[in-house]
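The values are calculated or read from the model by the stated rules, or taken from the named source; none is laboratory data. Just so you know, these numbers come straight off a predicted model, no measurement behind them. Backbone-built Cβ (ideal geometry, glycine too); neighbour counts: all protein chains shown.
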Amino acid sequence: MEFAKSGDATLLGRAPLSESEEKAKMLIATDYARKMSLDLRMIDENAYSDHIDNKASHCAKLLNDYYQKYDAQKGTQFVFSDLGTYKPCGDFNIYSEVKRKLVEDYHIPSYEIRFIQECKNEKAKKAMVEAMNRGDIRIIFGSTSMLGTGVNAQQRAVAVHHLDTPWRPSDLEQRNGRAVRKGNLIAKEFADNKVDVIIYAVERSLDSYKFNLLHNKQLFINQLKTNTLGSRTIDEGSMDEDSGINFSEYVAVLSGNTDLLEKARLDKKITTLESERKNFLRERDAATGKLAEIESSVSFHTDKIKEAQSDLTLFEQRVERDDEGTPINKLTIKGVEDSTDIKAIAARLQEIDEKARTKGEYNKIGEIYGFSIMVKTESTSKDLFDCSVNRFFVKGQESIYYTYNNGKLATDPKLACQNFVNALERIPKVIESHEKEMAKVVANKDVYTNIANSSWKKEDELR
C-alpha cells in the first residue's frame with residue numbers, strides 16, 4: 001500500500017523506479033500483490049521461508065485428501081495457476097513447490113504428478129491427456145491458456161483447485177469445465193455426479209480485489225443476458241447457482257468484515273425474494289388473463305348452444321317425416337320455386353355453384369322448413385393459383401350457419417338437394433360439439449381462480 005502511494009521502490013527491496021516504471025507503478029504494485037497472495041517466496045525466495053499456513057501447504061493437503069479418497073478409482077485432479085508456473089531452470093515456482101510437498105510430505109509418486117508445460121508439442125499433450133484419463137497421471141498442473149481449453153481429460157476428475165483467481169469469469173468457467181463436463185465417469189459413478197471446486201484465497205489480499213472484479217464483470221454479463229439491468233437491486237446471487245457461495249460473499253469473507261458478509265447474504269436474500277415476487281405476480285396476472293379468456297369462451301359456447309337448441313326445437317316443430325322417420329325434403333330454390341323435380345332443383349344449384357360470386361357475403365338462394373338457404377363465395381389458393389369456391393349453408397334463426405359435407409355441393413342431384421336437410425339433422429351434433437369445447441375450457445378454471453385470488457405469502461419478509 002505504501003509503495004502504491006509513494007512509488008518508493010526501496011520499500012520493495014528494489015532500485016529506484018525508472019521514468020517508465022514510475023508511470024507503471026500501479027502495475028508493479030498489482031504484480032507484487034498478486035505474488036504475495038500466492039506465495040511470498042514469489043517475491044524473494046531467500047528472504048521468505050515456507051509456512052504451514054500458505055496456499056501451497058493447504059493445497060497439498062487437500063490434493064492428498066482427494067488422492068486417498070478416490071485412490072481405488074484412480075481419481076484425478078486439476079490444479080490451476082496463471083502465476084508461478086513451472087520453470088525447468090530451478091527458479092521457485094508454485095507448481096514445483098506443491099509437487100515437492102506432495103512427494104516429500106505425502107509420499108505420492110512423482111510420476112503421477114505432471115505439469116502441462118512439460119509438453120512441447122500437441123503429440124506430447126495428447127499423450128498426457130490420455131494418461132490422465134487412464135489414471136496413470138493423478139494430478140496435473142497448468143495455466144488457463146494451456147490447460148483450461150482443449151483438454152478432454154475429464155473421465156476420472158474428482159476435484160479442481162484454483163491457486164489464483166483469473167481476471168475473467170469466462171476463464172474460471174473454462175478451468176472448471178475441464179472436469180465439470182459430460183464424460184466424467186468417476187464423478188457419475190462415485191461422487192453423485194459432482195466435482196468439487198476449491199478456490200484458495202488469502203484474507204485481506206489482492207484475492208479480495210480480484211474476486212470483486214470477477215463479481216462485477218459476471219454481474220454485467222449475466223444481467224445483459226437476462227435483460228435485468230434495470231432492476232432495483234443488483235443481482236449478486238445469480239452467478240452462484242452451480243458453484244455455491246457467490247463472488248460478493250467471497251469478497252466479504254476475504255475482507256474480514258463480517259458486516260459486509262452479512263450484507264452480501266441479505267442482498268442475495270432480497271434479490272431472491274424480489275425474483276420470487278416478480279414470478280408470482282407474473283403468474284397471477286397470467287391466471288387473471290386466462291380466467292377472462294375462459295369467461296369469454298364459456299359465454300360464446302353458451303350462446304351458441306342456446307341458439308342451436310332453439311333452431312332444433314323449431315326444426316322439430318316444422319319438419320315432416322315419412323313412415324320410416326326420414327325427413328321429407330321441402331327444399332325451394334330461387335329460379336325454380338314451383339318445381340319439385342329433384343333434377344331441376346339440382347341443376348339450378350349447380351348453376352349457382354358455377355356462377356355465384358358473393359365476395360365473401362352470404363346470399364340467400366332459397367328456403368327449407370322456414371330456414372334460409374345461403375351461398376357464400378370464398379377465396380382459396382390451389383397449386384399457387386388463387387381461385388373462388390362456393391359453399392352452401394342453412395342459416396339458423398340467429399347467427400349459426402349449418403353445413404353438411406363442409407358446405408360443398410354434391411355432384412349427384414339427389415345428394416345435392418339432400419345436403420340442406422342433412423345440415424339441419426346435424427344440429428344435435430353442433431350442440432354436442434359446443435358442450436365438449438366448453439367442458440374442455442372450464443376444466444382448469446378452479447386452478448386459475450385459486451391462482452388469481454391468491455396473495456404472495458412472503459410480502460412481510462421482503463419488507
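Residues that are under 50 Å from the mean Cα position of the chain (by Cα) and more than 23 Å from V375 (Cβ to Cβ) number at least 2 in the following helices (runs of 4 or more DSSP H) confined to segment 392-463: 427-442, 445-452, 459-462.
Answer yes or no: is there a residue in segment 344-356 that is in a loop (DSSP other than H, G, I, E, B), under 17 Å from V394 (Cα atoms) and at pLDDT below 95. The answer is yes; a qualifying residue exists.
Here I368 qualifies as out of contact with any Gly (no Cβ under 9 Å at 6 or more places or on another chain) and assigned by the TED database to the domain that holds I352. Search segment 37-61 for residues being farther than 15 Å from D91 by Cβ and of a type in the set (D, E), and hand back the single one that is surrounded by the fewest Cβ atoms within 10 Å (Cβ to Cβ). This residue is D53. Annotation: I137 fulfils all but one of (1) of a type in the set (A, V, I, L, M, F, W, C); (2) under 24 Å from N184 (Cβ atoms); (3) in a helix (DSSP H, G or I); the unmet one is (3). Any residue at all in segment 385-394 that's touching a helix residue (DSSP H, G or I) at 6+ places or on another chain (Cβ under 6 Å) and touching a residue at least 60 places away in the same chain (Cβ under 8 Å)? No, segment 385-394 contains no residue that is touching a helix residue (DSSP H, G or I) at 6+ places or on another chain (Cβ under 6 Å) and touching a residue at least 60 places away in the same chain (Cβ under 8 Å). With the structure loaded, tell me whether R348 is of a type in the set (K, R), out of contact with any Asp or Glu (no Cβ under 9 Å at 6 or more places or on another chain) and either loosely packed, with under 12 Cβ neighbours inside 10 Å or at positive phi (or both) or whether it fails that test. The answer is no for R348.
Would it be correct to say that G90 is at positive phi, modelled with pLDDT of 95 or more, in the same structural domain as A153 (by the TED database) and not aromatic (F, W, Y)?
Details: at positive phi: yes; modelled with pLDDT of 95 or more: no; in the same structural domain as A153 (by the TED database): yes; not aromatic (F, W, Y): yes.
Taking the combined requirement at face value, the residue does not satisfy it.
Filtered by the rule that a residue be assigned to a loop (DSSP other than H, G, I, E, B) and surrounded by fewer than 18 Cβ atoms within 10 Å (Cβ to Cβ), segment 140-184 gives T149, G150, N152, W167, R168, G177, R181, K182, G183.
State yes or no: is I108 of a type outside the set (K, R), within 21 Å of C59 (Cα to Cα) and part of a loop (DSSP other than H, G, I, E, B)? I'd like the intermediate steps shown before the answer.
Details: of a type outside the set (K, R): yes; within 21 Å of C59 (Cα to Cα): yes; part of a loop (DSSP other than H, G, I, E, B): yes.
Yes; evaluated as a whole, the condition is true for this residue.
A count restricted to segment 193-224 and to residues that are over 21 Å from M132 (Cα atoms), among the charged types (D, E, K, R), at pLDDT 75 or above and assigned to a loop (DSSP other than H, G, I, E, B) stands at 1. Do we have K457 as exposed (fewer than 15 other Cβ atoms within 10 Å of the Cβ), charged (D, E, K, R) and within 28 Å of K290 (Cα to Cα) here? Answer is yes for this residue.
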